[in-house]
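Here is the structure we will look at.
The values are calculated or read from the model by the stated rules, or taken from the named source; none is laboratory data. Predicted, not measured: the structure shown is a model, and the values here were computed from it. Cβ placement follows ideal geometry from the backbone for every residue including glycine, while neighbour counts extend to all protein chains displayed. Please note that ligands, DNA and RNA were not included when accessible areas were found on the heavy atoms of the full protein model with its side chains. Shrake-Rupley method; radii C 1.70, N 1.55, O 1.52, S 1.80 Å.
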Amino acid sequence: MTIQDLSWRQFFKRKMGENMNLFEIKGLYKCYQKKAKPKVYAVYNVNLNIKKGEVLGLVGESGCGKTTLGKMLLKLEQPTRGRILFHEQDITDYSFPQMRKIRNNMQMTFQGSANAFNPYFTVEQIIGEPLHNYSTESQGEQEKKIVDMLEKVGLSKTYLTRYSHEMSGGQRQRVGIARALILHPEFVVCDEAVSSIDYALKNQILTLLTGLKEQFGLTYLFISHDISAVNKICDRVVVMYLGNIVEIIPRINDKAEHPYTKALLAATLIPDPKKRRKNTILFREGEELKIPEKGCVFQNRCLYTQEICKTEQPALMSKHDRHDVACHLCHGH
Ligand SMILES: Nc1ncnc2c1ncn2[C@@H]1O[C@H](COP(=O)(O)OP(=O)(O)OP(=O)(O)O)[C@@H](O)[C@H]1O
Ligand SMILES: [Mg+2]
């Protein structure tokens, strides 16, 4: 992107912000505990910076804590421990009214949007709700914006009067994206935003997300099971296993070093889901997944576990430029 493509204001805003951290996440934990049941750590000691203007991918198997981490950044879940800094402001203990002031700047597309929308709202009301809450524009201008955004996500005007239950999963996902982007927020958590959309439309949505990012200097946390989508739009990808970050890498490819990331990558290369389940170390039916008391979080499934892995937790350390790994083996033990 050159200065010709952007207004001066946008250009300097981008330049100034290029190396700035939008979020600094320090030692973040989320623990869920139901009365008689043992504690479950959904997120465990996560340290991470999200740079302004970057698309940060977040991958890992179901239940590893991706949505929980995304919700904590928006303070839709309160962290158990740790700090969240947004624009260098510590927002960890912000109250609801304090968060309201910055909430229009951060949005989330919710996973499985079927339950995420008010069933009594039409598409126009769903997408228009953030405008209604935060915008001072006239009704006519708001309506124009809603139609514009609907068209951008590939839905025609005729959808304006539909209700959530009258749409397919993919259509609901697109409405969710339109709703999240209508205020041009600075930060968006896209939680499985393209997971039930077919290939052609998926590419269209990914292009839309990238285009809006360039146009408005957005920053995304892009949560997905779809490695090819992640590789396509992300600047860096965070790999999570049982609430822990095990690797941060520009692309999930053969440069990945953590045994878990390698297993994830291998699984995506096997097209048949049945064979995929048999052939990888990722799926073990009925196995209870628990964070080990000490040592590496992946030690019970890893093919290369050594003594040190059972006693010392490997730190997330830099391996190459923009590539961090938490593995004793990868750091020469
Ligand atoms: N409100 C809650 N109460 C209790 N446990 C919860 C709650 N929300 C999430 N969990 C647990 O926290 C863990 C992480 O859940 P989370 O939804 O963040 O996973 P995820 O990585 O988004 O999974 P998926 O890929 O299936 O969406 C899971 O073990 C889940 O059961
Ligand atoms: Mg999730």
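Hey, among the residues in the range 159-172 that are among the charged types (D, E, K, R) and not in a loop (DSSP other than H, G, I, E, B), which one's farthest from ligand 1 (Cβ to nearest atom)?
Selected residue: 166.
Just checking, how many residues over the range 79-132 are under 16 Å from residue 181 (Cβ atoms), of a type in the set (Phe, Trp, Tyr) and surrounded by fewer than 20 Cβ atoms within 10 Å (Cβ to Cβ)?
0
Do any helices (runs of 4 or more DSSP H) lying entirely in the range 201-292 carry at least 1 residues that are surrounded by 15 or more Cβ atoms within 10 Å (Cβ to Cβ) and modelled with pLDDT of 90 or more, and which ones are they?
227-233, 259-268
Could you check the range 239-257 and list, in sequence order, the residues that are aliphatic (A, V, I, L, M) and touching a Lys or Arg at 6+ places or on another chain (Cβ under 9 Å)?
Answer for the range 239-257, where residues must be aliphatic (A, V, I, L, M) and touching a Lys or Arg at 6+ places or on another chain (Cβ under 9 Å): 240, 242, 248, 249, 256.
How many residues, within the range 303-333, are without any contact (Cβ under 8 Å) to a residue 12 or more places away in the chain and over 29 Å from the mean Cα position of the chain (by Cα)?
Matching residues across the range 303-333 total 3.
Return the residues of the range 21-38 that are within 15 Å of ligand 1 (Cβ to nearest atom) and of a type in the set (Gly, Ala, Ser); say none if nothing qualifies.
36
Suppose the filter is closer than 24 Å to residue 209 by Cα, open to solvent by less than 60 Å² (accessible area, probe 1.4 Å), of a type in the set (S, T, N, Q) and outside any loop (DSSP other than H, G, I, E, B); does residue 142 pass it?
Yes, satisfied.
Out of the range 173-193, which residues are away from ligand 1 (no atom under 16 Å from the Cβ), part of a helix (DSSP H, G or I) and open to solvent by 10 Å² or more (accessible area, probe 1.4 Å)?
If the condition is that a residue be away from ligand 1 (no atom under 16 Å from the Cβ), part of a helix (DSSP H, G or I) and open to solvent by 10 Å² or more (accessible area, probe 1.4 Å), then 174, 179 are the ones that fit.
Please work out if residue 52 is within 13 Å of ligand 1 (Cβ to nearest atom) and charged (D, E, K, R).
For residue 52, the condition - within 13 Å of ligand 1 (Cβ to nearest atom) and charged (D, E, K, R) - is not met.
May I ask you to list the residues in the range 26-43 that are away from ligand 2 (no atom under 16 Å from the Cβ) and assigned to a strand (DSSP E or B)?
26, 27, 28, 29, 31
Quick check, is residue 91 within 17 Å of residue 107 (Cβ to Cβ), over 14 Å from the mean Cα position of the chain (by Cα) and either at pLDDT below 95 or not charged (D, E, K, R) (or both)?
So residue 91 passes the test.
In the range 159-169, what residues are among the small types (Gly, Ala, Ser) and either surrounded by 18 or more Cβ atoms within 10 Å (Cβ to Cβ) or modelled with pLDDT of 90 or more (or both)?
Within the range 159-169, 164 is the sole residue that qualifies.
Being open to solvent by 10 Å² or more (accessible area, probe 1.4 Å), hydroxyl-bearing (Ser, Thr, Tyr), touching a Gly at 6+ places or on another chain (Cβ under 9 Å) and within 16 Å of ligand 2 (Cβ to nearest atom), is that true of even one residue in the range 57-70?
Scanning the range 57-70 turns up at least one residue that is open to solvent by 10 Å² or more (accessible area, probe 1.4 Å), hydroxyl-bearing (Ser, Thr, Tyr), touching a Gly at 6+ places or on another chain (Cβ under 9 Å) and within 16 Å of ligand 2 (Cβ to nearest atom).
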